[in-house]
Amino acid sequence: MKNLFRIFILIISFGFGSCDRLVTNIDPPKAEKELVLFAFLSPEASNITAELSYSSPVFGTNNLGEIDFISNAIVIISNTEGNSDTLKYDSTKKAYETQSAFKIEPGKTYKIRASFDGKNAEGTTTVPNLAVEIDTIDVFKFIGSEGESKIKIKTNWDDPGNDKFYYRSFIEQVNSTGSGEKYAYEVCSEFISNSGKEGKKMNSICESYYYDDGSSSTRTMNVYLLTTDIHYYEYNRRRVNYYGDDPFSEPVPQYMNVKGGLGVVSSYRMTKLEIRP
């Protein structure tokens, strides 16, 4: 029995002894930078815009989160009818924009292709046919539990029910400066699908702090309802869920539909109403 005990002690000692040295000369995996392409197309948008940049690999980069925009690529938008246009880089907006009469039309399919330094990335989207209209907007002002002024806005619309529909409902508060200039900031945003609610009344509720100084004539709110393709819906929904308040929550896999690179090419329709609460 004593001999067995000595053997057991030797095995344990050998096991711990083998962990005395740490391996510190591990080479990190090498990763090449990839093209990152983003475009959100809409017939209601004032222009066609696409952003192109390089990705930031986990190892071997010192840009500290700064976006590495690419300014001298070839970026082309085309549709299934054979029409195309080459987008031009705008250094102020750090994005590529169309310079011609090329238009985004409901129901049509568009492809954006970017080429730079031997790399190619492209994404395709079909623009929703229908821009679902806002039906009614209900506004409630109330005092919160700590005496703060709050506002609740309920946006209502009718789902067409004849297809799969994806929505984004969001609200901007618009304030005016003393010089008459206006600035807007988003107070609420929600992403909704009609799954299980086809053909029914749908709504989105926004609750926010609201300071009312009596000058309601200079304060307005913009209420938006976007009818989106699945690419816009999935990318933005997952992006919002990824940056949650819980640092220990499981990361949400990001959505992409760009071939040959990273990013999203998507589309939406937009309706907008202005209210003076």
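The values are calculated or read from the model by the stated rules, or taken from the named source; none is laboratory data. Bear in mind the structure is a predicted one, so any value in this text is a computation, not a measurement. Cβ sites come from the backbone with ideal geometry, for glycine too, and all protein chains shown count toward neighbours.
Quick check on this structure: which one of SER84, SER46, SER55 is modelled with pLDDT under 95, of a type in the set (Gly, Ala, Ser) and under 30 Å from THR271 (Cβ atoms)? It would help to see each step written out before you state the result.
Working: SER84 fails: modelled with pLDDT under 95; SER55 fails: under 30 Å from THR271 (Cβ atoms).
Within the list SER84, SER46, SER55, the selection yields SER46.
For region 188-197, give me each residue that is of a type outside the set (A, V, I, L, M) and surrounded by 15 or more Cβ atoms within 10 Å (Cβ to Cβ). If you could, list the steps in order and put the result at the bottom.
Initially, region 188-197 is screened for residues of a type outside the set (A, V, I, L, M), giving 188-191, 193-197.
Those that are of a type outside the set (A, V, I, L, M) and surrounded by 15 or more Cβ atoms within 10 Å (Cβ to Cβ): CYS188, SER189, GLU190, PHE191, SER193, ASN194.
Read through the list (1) touching a residue at least 24 places away in the same chain (Cβ under 8 Å); (2) in a loop (DSSP other than H, G, I, E, B); (3) surrounded by 12 or more Cβ atoms within 10 Å (Cβ to Cβ), then give the number of the only condition that GLN99 fails.
All conditions are met except number (1).
Among the numbered criteria (1) more than 24 Å from ILE192 (Cβ to Cβ); (2) out of contact with any helix residue (DSSP H, G or I) (no Cβ under 8 Å at 6 or more places or on another chain); (3) assigned to a strand (DSSP E or B), which single criterion is violated by ASN175?
All conditions pass for ASN175, except number (2).
Does region 73-88 contain at least one residue that is in a loop (DSSP other than H, G, I, E, B), more than 30 Å from GLU190 (Cα to Cα) and under 25 Å from the mean Cα position of the chain (by Cα)? Walk me through how you get there before you give the answer.
Here is the first cut: in region 73-88, the residues in a loop (DSSP other than H, G, I, E, B) are 73, 80-83.
From what is left, the residues that are more than 30 Å from GLU190 (Cα to Cα) are 73, 80-83.
Then keep just the ones that are under 25 Å from the mean Cα position of the chain (by Cα); that gives 73.
The answer is yes, given that some residue of region 73-88 is in a loop (DSSP other than H, G, I, E, B), more than 30 Å from GLU190 (Cα to Cα) and under 25 Å from the mean Cα position of the chain (by Cα).
With (1) buried (at least 16 other Cβ atoms within 10 Å of the Cβ); (2) of a type in the set (Lys, Arg); (3) not in a strand (DSSP E or B) as the list, and ARG113 as the residue in question, which single condition is left unmet?
(3)
Out of the residues in region 237-268 that are outside any loop (DSSP other than H, G, I, E, B) and surrounded by fewer than 21 Cβ atoms within 10 Å (Cβ to Cβ), which is modelled with the lowest pLDDT? Even if it seems obvious, please write down each step before you answer.
Initial filter on region 237-268 (outside any loop (DSSP other than H, G, I, E, B)): 237-242, 259, 262-268.
Now restrict to residues that are surrounded by fewer than 21 Cβ atoms within 10 Å (Cβ to Cβ): 237-242, 259, 262.
Working: ARG237: 90, ARG238: 88, ARG239: 84, VAL240: 78, ASN241: 68, TYR242: 58, LYS259: 97, LEU262: 96.
Checked region 237-268; the qualifying residue modelled with the lowest pLDDT is TYR242.
In region 155-187, what residues are exposed (fewer than 15 other Cβ atoms within 10 Å of the Cβ) and charged (D, E, K, R)?
If the condition is that a residue be exposed (fewer than 15 other Cβ atoms within 10 Å of the Cβ) and charged (D, E, K, R), then ASP158, ASP163, LYS164, GLU181, LYS182, GLU186 are the ones that fit.
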